[in-house]
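S.K.: Dropping the structure in here first, questions after.
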Amino acid sequence: MITSKPIPGILCVLIWMSIITRSQGAVIDAKQNGAKGDGVTDDSQAITSAWQSACSSPTPSKLLIPAGQYAVGPMTFLGPCKAPITVQFDGNLKAPTDLNKLKSQDGWIVFQQVDAMTLSGGVFDGQGKVAWSQNNCAQTGKCSNLPINIRFNKVTNSMVQGISSVDSKLFHMNILQCQNLTLSHITINAPGDSLNTDGIHIGRSSGITISDSDIKTGDDCVSMGDGSQQVTIERVTCGPGHGISVGSLGKYHDEQPVMGVFVRDCTFTNTMNGVRVKTWPASPNGVCQDLHFENLKMDNVGTPILIDQQYCPYGQCQAQAPSKVKISEVSFKGIHGTSSTKVAIKIACSKGIPCQNVELNDINLQYHGPDGNGVSQCVNVLPTMNGQIFPPACTETP
Ligand SMILES: *[C@@H]1O[C@H](CO)[C@@H](O)[C@H](O)[C@H]1NC(C)=O
């Protein structure tokens, strides 16, 4: 016999209340906290204090920035927070054009020391056109102290989805000392000739995923600096831009290893390079291993496959001394499309520490120009080859 006891009404109410609290918690509305969202008033203070209320809530909370244009100076969303936090931008942020308002700031919008954050929506407009004409990065490689649009410093176990970064003054996004951070459905947009506007730079971080995103910018779409570990980049379109890069590595002492990089199912259109690994000559010892590039489409790309251990822009190094960054366990698999220059594949490894266990598998990169068909160049490496390789691998030395 089946008996059913009716659940007392009061218990139902308690369960219902706890579900509501867990799923929504406190909602802090930036406009109700004094933000104007009129595109003129400086809303930095109002938004920052709304963040502080949400962040200090002992139960999960949400900071809502409603529809509107918010003019804001540098802002830091600082944790740790007392409970998981959601930040929902339905409105757009605009950076100051007056560089004096950003003096000595390395980031415009900074998320720092936050755990269990979900960040969504919003356009972050860096208004960078002013900055691009004022710096001389192109000549010197040294950029004046312009701020990065969005910084994630020590952000852990978090998700960032559906945000856009437009016309940043320097890099669009920088991920530093983060763990378990996923960025999806990100849109990045700046002109192809805007200087040093890397899309997303990752350094000293692990468990980072970038997926389903569209990046159009003036420098690398994604770049991975030292200490990038277990990074996955998938279903990203890149171009204009300089491609997806590991490095440059070996410029500084105390650099951490790069290990576990997976780039798959991406499309490159009219980019300077496709996938590239670059290290400086005359470097300290370093490690760069376990890099896998798979199922990539190249459409009119400068050098679709590139390892360059003689990376030396602006003549700032002793190019004769070899790089001591050891590159190993690298695979390029299923890379198809067109090259816009004759050298479609260039694998130039260090004469001091040759690359080890590099695999080329199923490569078809077409180039037909006035100077003939495409070629592939290799030095200080003996790649393993599987499947069709076109242009035939390693027929020339750079
Ligand atoms: C990683 O972060 C997500 C939230 O984005 C969380 O659900 C998951 O449990 C975290 N993973 C680990 C291993 O902490």
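The values are calculated or read from the model by the stated rules, or taken from the named source; none is laboratory data. These figures come from a predicted structure and were not determined experimentally. As a convention, Cβ positions derive from the backbone with ideal geometry for all residues, glycine included, and neighbour counts pool all protein chains shown.
S.K.: For the range 179-193, state whether one or more residues are away from the ligand (no atom under 16 Å from the Cβ), more than 22 Å from Ile347 (Cα to Cα) and crowded, with 22+ Cβ neighbours inside 10 Å. Don't jump to the end; show me each part of the working.
M.R.: At the first step, the residues of the range 179-193 found to be away from the ligand (no atom under 16 Å from the Cβ) are 187-193.
Next, from what is left, pick out any that are more than 22 Å from Ile347 (Cα to Cα): 187-193.
Next, only the ones that are crowded, with 22+ Cβ neighbours inside 10 Å stay: 188, 190.
Looking for residues that are away from the ligand (no atom under 16 Å from the Cβ), more than 22 Å from Ile347 (Cα to Cα) and crowded, with 22+ Cβ neighbours inside 10 Å, one finds at least one in the range 179-193, hence yes.
S.K.: I want to confirm something. Restricting to the range 133-161 and keeping residues that are modelled with pLDDT of 80 or more and more than 16 Å from the ligand (Cβ to nearest atom), which single residue is farthest from Ser205 (Cα to Cα)?
M.R.: The residue in question is Leu146.
S.K.: Residues that are surrounded by fewer than 19 Cβ atoms within 10 Å (Cβ to Cβ): list the strands (runs of 3 or more DSSP E) wholly contained in the range 285-383 that include at least 2 such residues.
M.R.: Here the list reads 286-301, 325-339, 356-366.
S.K.: Being under 27 Å from the mean Cα position of the chain (by Cα) and within 15 Å of Val87 (Cα to Cα): is that true of Thr48 here?
M.R.: Considered against the rule, which asks whether it is under 27 Å from the mean Cα position of the chain (by Cα) and within 15 Å of Val87 (Cα to Cα), Thr48 comes out as yes.
S.K.: Looking at the range 92-99, is at least one residue without any contact (Cβ under 8 Å) to a residue 40 or more places away in the chain, surrounded by fewer than 23 Cβ atoms within 10 Å (Cβ to Cβ) and among the β-branched types (Val, Ile, Thr)?
M.R.: yes
S.K.: Among the residues in the range 233-245, are any part of a strand (DSSP E or B) and either among the charged types (D, E, K, R) or within 16 Å of the ligand (Cβ to nearest atom) (or both)? Can you show your working first?
M.R.: Going through the range 233-245, the residues part of a strand (DSSP E or B) turn out to be 233-238, 244-245.
Within this subset, residues satisfying the condition of being either among the charged types (D, E, K, R) or within 16 Å of the ligand (Cβ to nearest atom) (or both) are 234-235.
There is at least one residue in the range 233-245 that is part of a strand (DSSP E or B) and either among the charged types (D, E, K, R) or within 16 Å of the ligand (Cβ to nearest atom) (or both).
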